[in-house]
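The values are calculated or read from the model by the stated rules, or taken from the named source; none is laboratory data. Just so it is clear, the structure is predicted and the values come from calculations on it, not from any experiment. No Cβ is skipped: glycine too gets one built from the backbone with ideal geometry, and neighbour counts run over all protein chains shown.
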Amino acid sequence: MNRPARLQDGHPLTPATTQIAFTDVTLNLGGKTIIDKLSLDVRSGEFLCIIGASGCGKTTALRLAAGLYRPTAGQVCFDGQPMLTPRRDVAIVFQDYGKALLPWRTAAGNVSLVLESNGFPAAQRTARIDTLLRKVGLPHHADKYPAEMSGGMQQRLQIARCLAQEPKALLMDEPFGALDAMTRQGLQDEVLALVAASRATVIFVTHDLEEAIYLGDRVIGLLPHPGRIGIDLPIDLPRPRDQLTTREDPQFLRLRRELFDFIKASEA
Amino acid sequence: MIPPRAKAALLPIACVLGLELWSRATHLQSDALAPPSAVAAAMVEAVSDGSILVATRDTLASAFAGLVAGGLIGLAFGIALGLLTALDRLLEVTIETLRPIPSVALLPIALIALGFGYRMEITIVAFACLWPILILSRAAVKGIEPRLMEVARALRLSSRDRVTKIIIPAALPRIFLAFRLAVGVALIVAVTVEIAINPIGLGAGIMTAQQALRPDLMLAYLVWIGLVGYALNSVMMLAQRHLFGRAALVGEPA
């Protein structure tokens, strides 16, 4: 029972177990301390957003969670096991979808890469790819190459590729940072729906405070030089969330003010 | 009004006509030059008696065998050196010392070791083709988008999948470009070896014509080699367009 069912309002039914645990994690890169003694518990099924001024180590923290970096000191654990290399059940969505997709493979081919690598039976691949592409709203684009798709579609495709990993945790690095406002809001709602359906744990890095509040069960803010936690806010806004009413909720505005003040203070 | 391809043919046609008129006007008598009409007649003769076709077959066979052998070795090393920085540094001096040696300078050794014939010629061509392919495929692998390598890590692809599904496809447009260059090198080196020493192929054909005091035939061979080279490049261009059509919309290096 380490994957508790989720109520509509986002609270786990059972006392949640910790899925991703940072214990006194320090990372030095090129003689500089990027992250300093970061401790953080992410509960199973939780949607955690990380915000912070640029250069505060948000992306680095995410890469540590993904196993793409190894801590200089301290430990990152996933389901109680030390995270020494990337895991197949932890998927990462990169911001630069244009570089993360394989340009020589079609949409279907890009999703297929995951299925080929984890030994998914070849006979059922096409059906599985269809399901995944339908899930992210790309059912009629299986034969298109990434270069023939819009930015929003490419990011949807990258998400489909990550879902193909059937991840227990989804790590997203400013996934909508390069998209226009309308596309962005649409994708926010789609991600919320996908995550609610899969019950995956999410760490979502963004520099957009409103996005963090809108999506998250919890928002942490990092302070720069070196990166450490400066603020840790639970978000009690009701779910399912709505682009209009949630954003007009007085609670939403209060949280936005609090995070805004935090960012301003951290940059001062 | 005139299609661009026809326009490109105008200059060569004008030159040929000019040469023809000039050689007739001056009643050309030479061991080195011949009127274009005589060259054309010699070419028709060499094609119809099959001698130039046999020579072409010999030259192309050696050139291709050398290209494939040198190309595969170059590709393997290029990919390995592109991926393993430590190995690259270890071999740097060795490679940079071997690479400037003109392939033709190996002729004396190759001749003693392998004698006349295909084997010697193929070896020299392979040596010449190895370097451009090694250098360019190493650069192609080093130039692969780092994010793609990270995706490969994040998905925990096996080393084999990493090479066949990420590295080779990502580097392929540039590797193909390297092969296109190497095709030219292979033809040049093969003909050079034949002219210098090896009694087969188009190069030997030129030498025989020269010694027979047949400038028309000699020039016919030269023109023929030019046509063969043009045809080869056209085939490669066509293959490139066919292979990297739609998928090459992004990241096309050339």
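Tabulated data
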{"read-out": "Residue within region A:49-68 that is touching a Ser or Thr at 6+ places or on another chain (Cβ under 7 Å), within 11 Å of another protein chain (Cβ to nearest Cβ) and either at pLDDT below 95 or surrounded by fewer than 16 Cβ atoms within 10 Å (Cβ to Cβ) (or both) present", "value": "yes"}
{"read-out": "So residue B:73, is it within 17 Å of residue B:177 (Cα to Cα), surrounded by 16 or more Cβ atoms within 10 Å (Cβ to Cβ) and modelled with pLDDT of 95 or more", "value": "yes"}
{"read-out": "Residues that are more than 7 Å from chain B (Cβ to nearest Cβ) and either more than 14 Å from residue A:145 (Cβ to Cβ) or touching a Lys or Arg at 6+ places or on another chain (Cβ under 6 Å) (or both), drawn from region A:90-104", "value": "A:90, A:91, A:93, A:95"}
{"read-out": "Tally of residues being within 14 Å of chain A (Cβ to nearest Cβ) and either of a type in the set (Val, Ile, Thr) or in contact with a Ser or Thr (Cβ under 8 Å, 6 or more places away or on another chain) (or both) across region B:166-200", "value": "6"}
{"read-out": "Test: residue in region A:14-26 that is farther than 22 Å from residue A:192 by Cα, surrounded by 17 or more Cβ atoms within 10 Å (Cβ to Cβ), within 17 Å of the chain's Cα centre (by Cα) and modelled with pLDDT of 90 or more", "value": "yes"}
{"read-out": "Some residue of region A:249-262 being within 29 Å of residue A:30 (Cα to Cα), in contact (Cβ under 8 Å) with a residue 24 or more places away in the chain and out of contact with any helix residue (DSSP H, G or I) (no Cβ under 8 Å at 6 or more places or on another chain)", "value": "yes"}
{"read-out": "Whichever residue in region A:91-117 is in a loop (DSSP other than H, G, I, E, B) and over 27 Å from residue A:78 (Cα atoms) and, among such residues, is farthest from the chain's Cα centre (by Cα)", "value": "A:104"}
{"read-out": "All positions within region B:139-150 that are part of a helix (DSSP H, G or I) and more than 23 Å from residue B:125 (Cα to Cα)", "value": "B:141, B:142, B:146, B:147, B:148, B:149, B:150"}
{"read-out": "Residue satisfying condition, being hydroxyl-bearing (Ser, Thr, Tyr) and more than 27 Å from residue A:36 (Cα to Cα), within set A:246, A:206, A:201", "value": "A:246"}
